[in-house]
Amino acid sequence: MKCTLAGQPPGWRLGLNTIVTLASGNAAHGIRIPATALYEKDRKSAVWIVKLDHTIELRPIEVARYDTDSVEIGSGLRAGERIVTAGVHKLLAGQEVRLLPDSSK
């Protein structure tokens with residue numbers, strides 16, 4: 001990403017590489033999901049929600065922050081909801097999915 005500073009700090013040269021950290025704003029939930037769970041089409045983000053009957057539905061979400069291997073959700077997902085985390089671009093609404101054993105227990 002490129003950016004321009006209004007006032008160049010002393011000693012900085014054109015083309016300088018740097019690491020910049022930006023505030024993530026007000027992420028309402030602070031829910032973090034694997035980047036592989038993010039479904040993006042036409043510049044819109046969504047996740048596949050696994051319903052009680054193990055069928056899936058696509059739900060739009062707002063991304064608060066992108067990291068290397070995860071995404072922080074700003075809105076559209078509630079804590080405790082199950083989502084699909086792999087193969088998200090190969091699924092269809094209403095498709096039945098198989099849940100893997102919970103590895104966190």
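The values are calculated or read from the model by the stated rules, or taken from the named source; none is laboratory data. What you see is a predicted model; the values in this text were computed from it and never measured. With ideal geometry, Cβ positions are generated from the backbone for all residues, glycine too; neighbour counts draw on all protein chains shown. Only protein heavy atoms, including side chains, enter the accessible area calculation; ligands, DNA and RNA are left aside. Shrake-Rupley method; radii C 1.70, N 1.55, O 1.52, S 1.80 Å.
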Taking into account only those residues within region 66-105 that are of a type in the set (Val, Ile, Thr) and in a loop (DSSP other than H, G, I, E, B), which is surrounded by the most Cβ atoms within 10 Å (Cβ to Cβ)? VAL84
Of everything in region 41-52, what is open to solvent by 90 Å² or more (accessible area, probe 1.4 Å) and in contact with a strand residue (DSSP E or B) (Cβ under 8 Å, 6 or more places away or on another chain)? Give them in sequence order. LYS44
